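Trainee: Here it is, the structure in full.
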Amino acid sequence: MPAAKWWGWGYEGVEFSDEDKPELAPFIADSIGVDVRRKVAAPARFEKLDIPDSRLPPGLRLALEQAVQTPYVSTDRLDRVIHARGKSLRDLIRQRRGEFARLPDVVVRPAGEEEVAATVQAALQADAVVIPFGGGSSISGSLEAPADETRPVISVDLERLDQVLDIDASSRLARVQAGVFGPRLEEQLTALGYTFGHFPDSFAHSTLGGWIATRSSGMQSDRYGDIADMVKGLRVVTPSGTLVIRPVPATSTGPSVRQMVLGSEGRLGIITEATVHVRRIPTQRKILGYLFPAFADGLAAMRDLAASEYSVSVTRVSDPNETQFSFAMRVSPTLADKAQSAALKAYLARRLGFDVSKMCLAFIGYEGSDRHVASQRRSVGRLVKRHGGLCIGSGPGALYDQKKFDIPYIRDFLLDRGAPGDVSETATTWSNLMPLYDAVTTAANGAFADLGVQGYLMCHLSHSYHAGACLYFTFAFGASGQDEMLGEYEVVKSAIQQAFVDNGATLSHHHAVGTEHAGKHLNPGKIV
Ligand SMILES: Cc1cc2nc3c(=O)[nH]c(=O)nc-3n(C[C@H](O)[C@H](O)[C@H](O)COP(=O)(O)OP(=O)(O)OC[C@H]3O[C@@H](n4cnc5c(N)ncnc54)[C@H](O)[C@@H]3O)c2cc1C
C-alpha cells in the first residue's frame, strides 16, 4: 500500500492538478483572487521537523508488547505524527507547519478483540489515555490529545481488524471487524455478491468503526440509510468490560445503548465489531444529471421526490456557485463538447427561459433491476419537469461518480497557493432549507467582508429524508498571509456554524462534533 501523507489527504504521490482542467485556473482567479501558478507555501520537510520525544513509560511499553506483540507497538516518529490528528483544515495547516502539540507516545495495532481488551487493560493499569484510530480522516478534531495532557497517550490503530467474519444470508446481515477500510470491505462483500452501500467521500481512507463512531453518511444514503440505520449489532471494548449489543431488527427496551455508541467518537470504548445490513449487488446502477432554473426549484423537486412513492439512491442539487465550480472542473473539453455545451446553454436560455448564471446542476441515482431503473427514471423525469428541470443524461453523473474520491485532494492544492478551503454541513427541515441557505450565505459573505478577503461559498443539498435534508457548504478564500490563515479560517467557519445554530439547524449532519464543532466559538445557548 502507498504511504499515507502525514501533512495532507490520501497517499504520497497522489495530488490534485489543474493541468487537465483549462477552465479551473481562471475560475479560481476570478472567485478568490488566487493565481494557481504561484505556489506560496509547501509542507515542512519531515527530516526538519522538531518532533517531541515519546514519553512512554518502560513498564507500559512492556505491558503493551505483551498485549499485542512487539512489532505492533510503535514509537516511530512518522507513525506518531500520522496518528496525532485527523484531516480537518486546522489539522492540515498545523501539520504542514510542523506544529505538534501533544503527539501520541505510542501507536498500538491489536489483531483482534482479545488484544484490544488487553491493550485497554494495560492502559488502565498505567492511567494512560486511549484514542481509537480508524482511518484518521476525522474532520472534527476528535483524534488529538489536549496539549496539556500529562498522562501517556496511546493511539490504538484498528487496521488489523479488517475481516468480514460471516454473513447471515437470510437476515442479510454481515458480521464485520471495525477496522476495515471502505475498499477492503466492499471487495470482500463483492466476492460474495453483496454490497454494504456506504460510500462517504472519504471512503478510501476511513473505516467501519470510524463511520459508526462519527454517525457517518454516504452518498447513497437515500437508498441504504445513514450508518445509524445500517448498524444493528455492536461489540465494544470498554474500560469495564465488553459491551455486546445483539443484532435485532428493532427493540422497545428503553433508551437505546446502540444509539449511545453511534457517534460516541471513541469516548465510551473501542468498537471491535459490528453486525450490519448488506444487500445484493444491484443489476444496474445509474446516476443521471439534471439542470434546474434555480436552487429553490431543485430543492422543491427533491422535497417532492422524498414525499413520493419513487425510490432513488442519490439526491443531490448544487447551488449556482457550486454548479459554476463543477463546470470549471471539466477535464479538457473537446471542440464537440464545447459546441454541445454552447448549444445546450442557448437552448436553456432561449427555449426554457433559464438564466444560465443561476442554473443548478443536480444528480439523481437509480439502482435495481433494469426494469425498475427504467420505470423510476421515467417517473422521476416527469416530477423533475414539473419543477422546470431538464435531464442532461448520464455523462455528468458518471464523471461525478468516478471523480468524487479525488476531489478531497484539492484542499492541499489550495493550501500550497495560500488559500484555505473547507466544509461545514448541517440538516434542517424542508420548510427551513431556503431560509437557512440564505442565512448561511449572508453570514459567510459577512465574514469574508469583515476580514477583507475575497471568498467563495458554494452549497449542495444531499441526503434527503421524509422531513428535510442535509445542506453541505464548501468555502475557500485567499488568505491575507500564512500567519493569518488559521485565524481567518476560524472566523469564517464559526460564522457558518453559528448561522446553523441560530437558524434551527444541527451543528453537523455527518461529520460529528469533536473539538472542531464543540461550540467553543459559538453562542452556547442556541446549540441544538
Ligand atoms: C475529505 C473528506 C471527506 C469526507 N467525506 C465524508 C462523507 O462523505 N461522509 C461522512 O460521513 N464523513 C466524511 N468525512 C469525515 C470522516 O471521513 C468521517 O468522520 C469518518 O467516519 C471517520 O472515519 P475514520 O475511520 O477515518 O475515523 P477516524 O478519523 O480515525 O476517527 C474518527 C473518530 O472516531 C473514533 N474511532 C475510530 N475508530 C473507532 C473505533 N473502532 N471504536 C471507537 N471509536 C473509533 C476516533 O477516536 C475519532 O474520535 C470526510 C472527511 C474528509 C477529510
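Trainee: Mind listing whichever residues of region 141-164 are surrounded by fewer than 22 Cβ atoms within 10 Å (Cβ to Cβ) and near the ligand (Cβ under 10 Å from one of its atoms)?
Mentor: Passing the criteria: Gly141, Glu159.
Trainee: Does Phe196 satisfy the condition of being aromatic (Phe, Trp, Tyr) and within 8 Å of the ligand (Cβ to nearest atom)?
Mentor: For Phe196, the condition - aromatic (Phe, Trp, Tyr) and within 8 Å of the ligand (Cβ to nearest atom) - is not met.
Trainee: If you check Ala174 against the conditions, is it assigned to a strand (DSSP E or B) and either within 12 Å of the ligand (Cβ to nearest atom) or of a type in the set (Gly, Ala, Ser) (or both)?
Mentor: For Ala174, the condition - assigned to a strand (DSSP E or B) and either within 12 Å of the ligand (Cβ to nearest atom) or of a type in the set (Gly, Ala, Ser) (or both) - is met.
Trainee: Which of the numbered conditions does Val14 fail, given that it passes all the others? Conditions: (1) among the hydrophobic types (A, V, I, L, M, F, W, C); (2) more than 30 Å from Leu335 (Cβ to Cβ); (3) surrounded by 15 or more Cβ atoms within 10 Å (Cβ to Cβ).
Mentor: All conditions are met except number (3).
Trainee: Give me the pairs: first residue in region 210-231 and basic (Lys, Arg), second residue assigned to a loop (DSSP other than H, G, I, E, B), beta-carbon distance under 6 Å, and six or more apart or on different chains, which are they?
Mentor: Arg215/Leu262; Arg215/Gly263; Arg223/Ser313
Trainee: Let me ask something else about it. From the list Gly209, Gly179, which one is in a loop (DSSP other than H, G, I, E, B), near the ligand (Cβ under 8 Å from one of its atoms) and either under 22 Å from Leu64 (Cα atoms) or at pLDDT 95 or above (or both)?
Mentor: Result of the check over Gly209, Gly179: Gly179.
Trainee: Go through (1) touching a Phe, Trp or Tyr at 6+ places or on another chain (Cβ under 6 Å); (2) modelled with pLDDT of 95 or more for Ala447 and report which single condition fails.
Mentor: (1)
Trainee: Cβ-Cβ distance below 7 Å, separation of 6 or more or different chains: which pairs start in region 50-69 with a residue that is touching a residue at least 12 places away in the same chain (Cβ under 8 Å) and end on one that is part of a loop (DSSP other than H, G, I, E, B) and acidic (Asp, Glu)?
Mentor: Filtered contacts from region 50-69: Ser54/Asp105; Arg55/Asp105; Leu56/Asp105.
Trainee: What pairs can you find where one residue is in region 127-149 and among the aliphatic types (A, V, I, L, M), the other is assigned to a loop (DSSP other than H, G, I, E, B) and within 6 Å of the ligand (Cβ to nearest atom), and their Cβ atoms are less than 7 Å apart, with a gap of 6+ or different chains?
Mentor: Ile131/Leu143; Ile131/Gly266; Ile139/Gly86; Ile139/Lys87; Ile139/His511; Leu143/Gly86; Leu143/Gly136
Trainee: Let me ask another. Please enumerate the residues belonging to region 221-233 that are more than 11 Å from the ligand (Cβ to nearest atom) and farther than 28 Å from Glu115 by Cα.
Mentor: Selection gives Asp222, Arg223, Tyr224, Gly225, Asp229.
Trainee: Ile167 passes all but one of (1) surrounded by fewer than 24 Cβ atoms within 10 Å (Cβ to Cβ); (2) within 30 Å of Gly8 (Cβ to Cβ); (3) among the β-branched types (Val, Ile, Thr); which number fails?
Mentor: (2)
Trainee: Something else now. Looking at (1) away from the ligand (no atom under 16 Å from the Cβ); (2) more than 24 Å from Ser431 (Cβ to Cβ); (3) surrounded by 16 or more Cβ atoms within 10 Å (Cβ to Cβ), which is the only condition Gln284 fails?
Mentor: With respect to (1) away from the ligand (no atom under 16 Å from the Cβ); (2) more than 24 Å from Ser431 (Cβ to Cβ); (3) surrounded by 16 or more Cβ atoms within 10 Å (Cβ to Cβ), Gln284 is out only on (3).
Trainee: Are any of the residues in region 268-275 within 27 Å of Glu186 (Cβ to Cβ), of a type in the set (A, V, I, L, M, F, W, C) and more than 15 Å from the ligand (Cβ to nearest atom)?
Mentor: Within region 268-275, not a single residue is within 27 Å of Glu186 (Cβ to Cβ), of a type in the set (A, V, I, L, M, F, W, C) and more than 15 Å from the ligand (Cβ to nearest atom).
The values are calculated or read from the model by the stated rules, or taken from the named source; none is laboratory data. For clarity, every value in this text was computed on a predicted model and none was experimentally measured. FYI the Cβ positions are ideal-geometry reconstructions off the backbone, even for glycines, and counts take in every protein chain you see.
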